[in-house]
Amino acid sequence: MAFTLYALIQTAILFTNAIAVLHEERFLSKIGWGAEQGIGGFGDEPGIKAQLLNLIRSVRTVMRVPLIAVNSVCIVLLLLFG
Amino acid sequence: MEYPNQSGFRQQAGVRMRGTPGDPRDPSLLFDDTSAGGDKHDLSGVGKGPGVCPGQALISDPMSNLALAYGSSLASHGREMMDKNLDRFIPISKLKYYFAVDTVYVGKKLGLLVFPYMHDNWEVIYQQDTPVAPRFDINAPDLYIPVMGFITYILVAGLALGTQNRFSPEILGIQASSALVWLIIEVLAVLLSLYLVTVNTDLTTIDLVAFSGYKYVGMIVGVIAGLLFGRMGYHLSLLWCCVSTFVFTIRTLRLKILSEAAAEGRLVRGAKNQLRMYLTMAIAAAQPVFMYWLTFHLVR
C-alpha cells in the first residue's frame, strides 16, 4: 500500500470539505444533529454525541475561511499540473 | 593614490606570509594554502599574532574589518531569530525530555516490549508534578526507541525486499512515507477518540507518537525472523510480538486513561469506565493489526 504524504493531505482536504458542506438548518437539524441539540445539561459530562456535534460545529466555524484559500490553491495546482 | 598602493603592498606581503608555510618552491601545492593565513588572521584578532604583517593587513583595511563585524552580527541575529521562531512550532525543550535516555533504559525497555509479563509496577514516577526523565524511570515514554525503530524498520524492509529481488532505491522512500502516513493516521484517530470520550488525561501528542512507535520493535523482530527462518518463523515471532505489544499497550495506557480505582483492578461500575476500557482495548488491538499490515508484504 503505497501511501504518500500527498495522499494524506488530499484526504485531509476532502474530509474537511465534506464536514464544511453540511448545512446547519437544512440538514443537520432535520436529522437531529443541530447545534441546539448538542448542548445537553450543564451538570454532567457531555457524552459522545454532544462532543461530535460540537466538533462538527467548531470545524465548520474555524475552517471556513482557510478552506477557501486551500481549495483555491488546490484548484490552481490541479489545473496547472494535472 | 597612496592608499591603494599601500594596501596592495601590504596584501602582497600578506600573500607572501601565507605562502611561506606552504613552501612556494613545493610543486605539489596547486594553489595558495589560505587556511594558515586565515588562522593567522583570527589569531591576530584574538591574541598576539605570530607576525606583524598579517595583523597590520587586517587592521589597516577597515572595510574588511567592518564586513567581518557586520557579517558575524547578521549571523548571530539570524540564528537567534530562527531559534525563537522554531521554538514556537516545535517545542524543542519538551522534545529533549523524550531523548534523555541511556543504554540501560533502552535495554530494559526493549526487553519489556518483548516480554512484559513479569513487570509489576507500571506507574510513572513523578517529581513535583513533572514526570521524571526516562533515564530514571523505565515506565516513562521516550522517543528514542520509536525513531530508531522506524529507521531500522525502513532498512530492514529494504533488506527483505532486496532478498526477493524487488528492491529499487525508490522503494525505501515509498516504505518510509507509507509507514509515516499510517503513524499519523493512527495518532490522529487516537486523539479524536480521546476527545470524543472526554478523557481527562495528561497524555500529550508526543506521548501518543511514542506509544504508537513502540510497535516497530515487534515488526523488526518479526521481519528478521522471517528472513532467517522463513514464513513459519515470521508468523510465530510476529504472533509473539503482537501479543506482547498488546499486553504492554494495555498495561501502560490503562493507568493513563482509566480512573484511579479502575486502574488498580477493582471493578468499577459505570458506563464511563466501561467506555474508557473499550477505548484502551481498541487502541491496543490496533497495534497488532498495523504490525501485520505493514510487514506481511515483506515476507513471501
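The values are calculated or read from the model by the stated rules, or taken from the named source; none is laboratory data. Keep in mind the model is a prediction, meaning the values are calculated, not measured. Counting neighbours? That spans all protein chains shown, and the Cβs are built from the backbone with ideal geometry, glycine included.
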Residue by residue through region B:167-182, note down the ones that are in contact with a Gly (Cβ under 8 Å, 6 or more places away or on another chain) and either part of a loop (DSSP other than H, G, I, E, B) or within 11 Å of chain A (Cβ to nearest Cβ) (or both). B:Phe167, B:Ile171, B:Gln175
From the residues in region A:5-51 that are at pLDDT 85 or above and not in a helix (DSSP H, G or I), which one is nearest to the other protein chains (Cβ to nearest Cβ)? A:Leu22
Would you check if there is a residue in region B:155-166 being surrounded by fewer than 18 Cβ atoms within 10 Å (Cβ to Cβ) and within 14 Å of chain A (Cβ to nearest Cβ)? yes
Regarding region B:222-237, can at least one residue be identified that is under 21 Å from B:Pro131 (Cβ atoms) and not aromatic (Phe, Trp, Tyr)? no
Subset of region B:188-210 [in a helix (DSSP H, G or I), among the hydroxyl-bearing types (Ser, Thr, Tyr) and facing another protein chain (nearest Cβ under 8 Å)]: B:Tyr195
Filter result for the condition that a residue is within 14 Å of chain A (Cβ to nearest Cβ) and either farther than 23 Å from A:Leu52 by Cα or modelled with pLDDT of 90 or more (or both), over B:Ile185, B:Ile220: B:Ile185
Step by step: first the residues of region B:86-138, then only those that are aromatic (Phe, Trp, Tyr) and touching a residue at least 40 places away in the same chain (Cβ under 8 Å), then the one that is surrounded by the most Cβ atoms within 10 Å (Cβ to Cβ). Which residue is that? B:Tyr98
